[in-house]
Amino acid sequence: MRKLLIISILLLTLSACKTTEPFVFSDAYFNYSIHSDFDLVIQDLPESIEVTSLKVNNVDLDLSNVIHDKNGLKLKSSYIKSLSVGEYLYNVITAQGSFVLNLNVIDTSRPYMISKSTIESDFTSNHTFTFELFGGEIKSVSGNNIKTSDYSISGNQLTIKKGFIENAYSNNESMESLILGYTLEVGTHTVIGYIFISKKINT
């Protein structure tokens with residue numbers, strides 16, 4: 001009995017000594033149409049990290065315009081749709097760090113890419129791009145000999161696999177940017193767009 005008690009105390013002590021990995025903040029860029037109606041997740045921020053200040057173009061923004069729950073930190077759709085078309089720069093400050101958000105408010109009722117179309121890759125992870133499809137679908141992906149096994153489509157998300165990106169650069173060392181095309185369809189409308197993936201240079 002005493003032995004079990006000692007083991008329990010040791011386990012509790014070890015558990016208390018564990019340090020929680022700090023959250024890594026990352027700057028973000030999103031497109032959002034005034035015809036969309038979803039709350040925009042701007043950071044996968046744990047609920048335990050308090051948001052202390054939010055500024056847009058250096059002006060304080062009331063925190064009632066955001067939702068912070070288990071699904072992350074979100075800008076309310078009603079707030080975004082009240083904005084004029086154009087670009088907005090946000091500084092989000094929390095109890096553990098801060099990040100910058102660039103929001104591009106657009107006016108379109110056709111499918112569009114929500115996430116940034118130009119990214120950098122260090123080949124260590126897959127890259128996922130999110131779309132507003134308005135009930136449509138991601139129809140196709142093309143360019144640089146990409147095959148269906150090099151990417152996956154799940155609902156409104158397109159994921160390009162890291163192995164394909166790395167091989168593309170290995171096969172063409174002088175390439176400055178990997179360019180892929182995509183086609184979105186809804187009803188009789190077709191939208192063609194492009195993704196640009198550059199190689200991240202470690203400094």
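The values are calculated or read from the model by the stated rules, or taken from the named source; none is laboratory data. Only a predicted model underlies this, so the values are computations on that prediction, with no experimental measurement involved. Counting neighbours? That spans all protein chains shown, and the Cβs are built from the backbone with ideal geometry, glycine included.
So which of Ser142, Ser174, Ser198, Ser149 is over 22 Å from Val41 (Cβ atoms), among the polar types (S, T, N, Q) and modelled with pLDDT under 95?
On the way: Ser142 fails: modelled with pLDDT under 95; Ser198 fails: modelled with pLDDT under 95; Ser149 fails: modelled with pLDDT under 95.
Within the list Ser142, Ser174, Ser198, Ser149, the selection yields Ser174.
Consider region 59-72 and keep the residues that are touching a residue at least 12 places away in the same chain (Cβ under 8 Å) and not in a strand (DSSP E or B). The one that is surrounded by the most Cβ atoms within 10 Å (Cβ to Cβ) is Leu61. Applying the condition of being modelled with pLDDT of 95 or more and in contact with a Ser or Thr (Cβ under 7 Å, 6 or more places away or on another chain) to region 24-35 and asking which residue is surrounded by the fewest Cβ atoms within 10 Å (Cβ to Cβ) yields His35. Suppose we filter region 161-203 for residues that are surrounded by 12 or more Cβ atoms within 10 Å (Cβ to Cβ), touching a residue at least 40 places away in the same chain (Cβ under 8 Å) and under 18 Å from Phe131 (Cβ atoms); how many remain? Residues flagged as surrounded by 12 or more Cβ atoms within 10 Å (Cβ to Cβ), touching a residue at least 40 places away in the same chain (Cβ under 8 Å) and under 18 Å from Phe131 (Cβ atoms) within region 161-203 amount to 14.
Based on what the data block shows, is Ser53 part of a strand (DSSP E or B) and small (Gly, Ala, Ser)? It is true that Ser53 is part of a strand (DSSP E or B) and small (Gly, Ala, Ser). Is it true that Val141 is farther than 22 Å from Ala28 by Cα, in contact (Cβ under 8 Å) with a residue 60 or more places away in the chain and not hydroxyl-bearing (Ser, Thr, Tyr)? Here the answer is no, as Val141 does not meet what is asked.
When Thr118, Thr94 are screened for being hydroxyl-bearing (Ser, Thr, Tyr), in the same structural domain as Val191 (by TED's automatic domain parsing) and more than 19 Å from Ser154 (Cα to Cα), only Thr118 passes. Restricting to region 73-97, name every residue that is surrounded by fewer than 16 Cβ atoms within 10 Å (Cβ to Cβ) and charged (D, E, K, R). Result: Lys76, Lys81, Glu87.
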